[in-house]
Every structure is written in C-alpha cells, then in structure tokens.
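The values are calculated or read from the model by the stated rules, or taken from the named source; none is laboratory data. These numbers come from a predicted model, not from an experiment. Note that we place each Cβ from the backbone using ideal geometry, even for glycine, and neighbour counts take in every protein chain shown. Heads up: the accessible areas ignore ligands, DNA and RNA and are worked out on the full protein's heavy atoms, side chains in. Shrake-Rupley method; radii C 1.70, N 1.55, O 1.52, S 1.80 Å.
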Amino acid sequence: MNRRFLLTTATAALVSSSLGLTAALAQDTAAADQDAGVQITDMVLGNPDATVEVIEYASFTCPHCANFHANQFKEIKKNYIDTGKIKFVYREIYFDRFGLWASMIARCGGEMRYFGIADMIYEKQREWTAGGDPVVIADNLRNIGKVAGLSDADLDACMQDGEKAQALVSWFEENSTRDEIASTPSFMINGEKYSNMSYEDFAALLDKALEG
C-alpha cells in the first residue's frame, strides 16, 4: 500500500468513527482517480503580481515548521509579504494523517480565514498532537476550528468530505514529486529549492532576487 492509500483510508476511517461518515469513504485510490471535480486552491499571501515568488512546503505536524512560523515567517511577512514585495504561496505536505486533518480544518474556513487558522494550528501544535490518540487529536483540531469561528455544522461538512481529502493527497503528491520535496519546511524561491534557514539568510536571498 502506498502513502496516498494509507492517508485517505485512515482519514475516512477516523472521520467515519468519530463523525458518522459512511463506510463508502474508505474506498481505494482508484475511486479518487475517477473524481476530477474537486479542485485544490493554493493559499497565497502578498502581491500576486510580484516578480519574486516564494513557495513554502510545510507540514502542520512538523516542529521545525511550527518554529519557522513562530519566528522567521513573522519577519518575512512584515518586511516582504505585507509590503507587497513578494508573492508567498503555502503548500501543505502530508507526512502523516494528522497533518491532513489539520489541513482540512484550516481550509474549512476558506481562503480568507486560512492563514489565521493555520497560525493557531502551529501555535498549539504541541497541545493538539499530544498523546497521539486519533480521536482526541480530531477533537482537538475541531476545537481549534471552533475558536476560529467555525460551527459544528461547518466542521462536520469539512471533515466528512472524503473527496476533498483524497484530492488533497493527490495534490500534495503531485507538488512534492514535481519539486522533489523530501523534508519540511522547504522553499522554492523563483523556482530554486532551499531548505530551512535563518531569517537573515532568507532575507539575503529575497533581496538578491528582488534586485533582478
């Protein structure tokens, strides 16, 4: 069994047991391949027309990613994203099923609320992942969604969306294969791949790219 099958069936199994989703969501990946109707949207901050594009590949369960967002990212946002100097794209990586569920919660708020919910997920990463019990983790993520203003009905609909979960896994696999992403966080700056780094090193790369 490949990672995609494990992620999608694990998602269906947990959501089915905790939220009442039917067993039909536990179909194999062949069913997912037949569905071309679910489109996954990139989550973007900054200037969509900027000459410098930064793509971050990260996992909501990755401690290094949480540290990056608590530190370097805040400076990058203040000095490069909010000033319109760069286009910043965030793409999720799913190394485990919990990261997929976190993504589904973050995306449940739509594009307008995505980054706010993502910030909460990173800030509380140690809390919601503690213990490793799948049902507890799902409940913890739902609580984050509620704090962000999502209703139980919203959360039920998002977490029961098996087609969306399968599409997210397909999207993740396509992106990570194309850009050869093996660890998180990883970054593409105008098509060049970089690993995690200090804010000073990141700023130097951005300044160089902005100079043309």
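Give the residues of region 108-149 that are of a type in the set (A, V, I, L, M, F, W, C) and closer than 21 Å to residue 44 by Cβ, sorted by residue number. Lay out the reasoning, then the answer.
To start, the set of residues in region 108-149 that are of a type in the set (A, V, I, L, M, F, W, C) comprises 108, 112, 115, 117-118, 120-121, 128, 130, 135-138, 141, 144, 147-148.
Residues satisfying the conditions are 108, 112, 115, 117, 118, 120, 121, 148.
Hey, can you tell me all the residues within region 103-132 that are free of Cβ contacts under 8 Å to residues at least 40 places away in the same chain and of a type outside the set (D, E, K, R)?
Across region 103-132, the qualifying residues are 110, 112, 116, 117, 120, 128, 130, 131, 132.
Checking residue 142 against (1) in contact with a helix residue (DSSP H, G or I) (Cβ under 7 Å, 6 or more places away or on another chain); (2) closer than 24 Å to residue 67 by Cβ: exactly one of these is not met. Which one?
Of the numbered conditions (1) in contact with a helix residue (DSSP H, G or I) (Cβ under 7 Å, 6 or more places away or on another chain); (2) closer than 24 Å to residue 67 by Cβ, the odd one out for residue 142 is (2).
Got at least one residue in region 16-30 being over 14 Å from the mean Cα position of the chain (by Cα), open to solvent by 40 Å² or more (accessible area, probe 1.4 Å) and at pLDDT 50 or above?
No, there is no match, as no residue in region 16-30 is over 14 Å from the mean Cα position of the chain (by Cα), open to solvent by 40 Å² or more (accessible area, probe 1.4 Å) and at pLDDT 50 or above.
Could you check residue 84 against (1) buried (at least 19 other Cβ atoms within 10 Å of the Cβ); (2) over 27 Å from residue 166 (Cα atoms); (3) small (Gly, Ala, Ser) and say which number it fails?
Exception for residue 84: condition (1).
Considering only region 133-163, how many residues are surrounded by fewer than 19 Cβ atoms within 10 Å (Cβ to Cβ), touching a Lys or Arg at 6+ places or on another chain (Cβ under 8 Å) and touching a residue at least 40 places away in the same chain (Cβ under 8 Å)?
2
Given 61, 83, which one is more than 13 Å from residue 123 (Cα to Cα) and assigned to a loop (DSSP other than H, G, I, E, B)? Give the derivation first.
Details: 61 fails: more than 13 Å from residue 123 (Cα to Cα).
Just a single option satisfies the conditions, and that option is 83.
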